[in-house]
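Reading through the structure tokens given below for one structure.
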Amino acid sequence: MPFDSRPSVSPDDGLVLVEPFPERSSLSKESRAKAVNDNKALGMTELGRASGITAVVFRNRLVNNGPGAVEQLTNAVIHELAHAKSGLDDTMHNANPNGILGKEGGSVGRNFIDSDARWLSDHLGKQIVFEMKHFAGAS
């Protein structure tokens, strides 16, 4: 069976894009400006867009090849996925401020803790709407 370069995405799936820079991200103009001005933001999730949700992590804000690089990327992706699946803005950070769901959740040294797992298990089953313009060949 040939490889499908355009896999189908269902409302049950979670998708976080890893993009090079906030300045050239797929976020709206307003969110790009906010991300550029907040140089501590490792990623951003836009909720409530008419065309769906966009969740991104900025590669240039991550630790480069040093200790903790994979951990930081993983934490940042899970953090933005939690925003997308829960439908919550920055209020999500109050759910578990000491884990990866907190405001500094993607930081090196933050651990995925039991309360993160419990909170995520309550939200991962929720359906979300994707903005399909990000997929090659999508119209």
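The values are calculated or read from the model by the stated rules, or taken from the named source; none is laboratory data. Model, not experiment: these values are computed from the prediction. Cβ: placed from backbone, ideal geometry, glycine included. Neighbour counts: every protein chain shown.
A compact table of results
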item	result
Restricting region 63-79 to residues that are polar (S, T, N, Q) and surrounded by fewer than 17 Cβ atoms within 10 Å (Cβ to Cβ), the residue that is modelled with the highest pLDDT	THR74
Residue, nearest to ASN75 (Cα to Cα), within region 41-62, restricted to residues that are exposed (fewer than 13 other Cβ atoms within 10 Å of the Cβ) and free of Cβ contacts under 8 Å to residues at least 24 places away in the same chain	GLY48
Hits in region 80-131 - residues which are basic (Lys, Arg), closer than 16 Å to VAL56 by Cα and assigned to a loop (DSSP other than H, G, I, E, B)	LYS103
Candidate set: region 1-38, residues that are out of contact with any strand residue (DSSP E or B) (no Cβ under 7 Å at 6 or more places or on another chain) and among the small types (Gly, Ala, Ser); chosen: the one modelled with the lowest pLDDT	SER5
Only one of ALA82, ALA41, ALA50 that is among the hydrophobic types (A, V, I, L, M, F, W, C) and modelled with pLDDT under 85	ALA50
